[in-house]
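K.L.:
Starting off with a structure, shown below.
The values are calculated or read from the model by the stated rules, or taken from the named source; none is laboratory data. Please read these numbers as outputs of a predicted model, since none were measured by experiment. When we count neighbours, we look across all protein chains shown, and the Cβ atoms used for this are built from the backbone with ideal geometry, even at glycine. Side chains are part of the model used for accessible areas, which takes the heavy atoms of the whole protein and leaves out ligands, DNA and RNA. Shrake-Rupley method; radii C 1.70, N 1.55, O 1.52, S 1.80 Å.
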Amino acid sequence: MCKAVELFTAVPKLHNCAQAVAAGAGDEALAESMKVCGGGKAPLGRCGALHAALELTPAECHAQMISEFVALAGAETCREIKSATLPYPCAECVRLGALLVEKYRR
């Protein structure tokens, strides 16, 4: 299991989706600032896991990352992901965010 998913699913719950991706990537300062970005509260209503992944990677990669995320999760926003007929689980969004960070971080 990837570190971000471990953090996200740990009991007691100490990390929201955005914090888990940031902390899983080793950026504790960013994780702390992401406290307000879980549950659809990231800018633009974006999935927190995607938002954290974007914060951790170069801007020139963002369009491709968003495209890859949407292809798997079905949407970019938390609300759309959760309201889909077959919603993509939050833990899978965290895993996908972490994978995108690994792929695109320099």
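K.L.:
With every protein chain present, what is the per residue accessible area of the chain (1.4 Å probe, Å²)?
P.N.:
53 Å²
K.L.:
For the chain, with all protein chains present and a 1.4 Å probe, just round the carbon and sulfur fraction of the accessible area to a whole percent.
P.N.:
The computed percentage sits at 58.
K.L.:
How charged is the neighbourhood of Cys90? Take every other residue with its Cβ under 13 Å from the Cβ of Cys90, and add Lys/Arg as +1 and Asp/Glu as -1.
P.N.:
+3
K.L.:
Let me ask you something else. Do you know the relative contact order of the chain, to the nearest whole percent, from alpha carbon pairs under 8 angstrom that are 6+ apart?
P.N.:
Averaging sequence separation for qualifying contacts and normalising by length gives 30 percent for the chain.
K.L.:
Can I ask one more? Could you state the orientation-averaged shadow area of the convex hull built on the Cα atoms of the stretch 1-54, in nm² to one decimal?
P.N.:
For the stretch 1-54, the mean projected area of the Cα convex hull comes to 3.3 nm².
K.L.:
While we're here: What percent of all Cα-Cα pairs in the chain falls in each 5 Å bin, counting up from 0?
P.N.:
2, 16, 27, 28, 19, 7, 1, 0
K.L.:
So what's the back-of-envelope 222 nm ellipticity for the chain, counting only DSSP H runs of four-plus at -39500 (n - 2.57) apiece and dividing by all residues, rounded to 500?
P.N.:
It comes out at -16500 deg cm²/dmol, rounded to the nearest 500.
K.L.:
So what's the net charge close to Ala53: Lys and Arg +1, Asp and Glu -1, counting the other residues with Cβ under 13 Å from its Cβ?
P.N.:
-1
K.L.:
Still on this structure: Which residue fluctuates most in the GNM of the chain (Cα springs below 10 Å): Leu72, Leu96, Leu86?
P.N.:
Leu86
K.L.:
Provide the net charge surrounding Ala25, with neighbours chosen by a C-beta distance below 11 Å and charges set as Lys +1, Arg +1, Asp -1, Glu -1.
P.N.:
-2
K.L.:
Please sort 57-64, 46-53 by packing, taking for each peptide the average over its residues of neighbouring beta carbons within 10 angstrom, highest first.
P.N.:
Peptide ranking by packing, descending: 46-53, 57-64.
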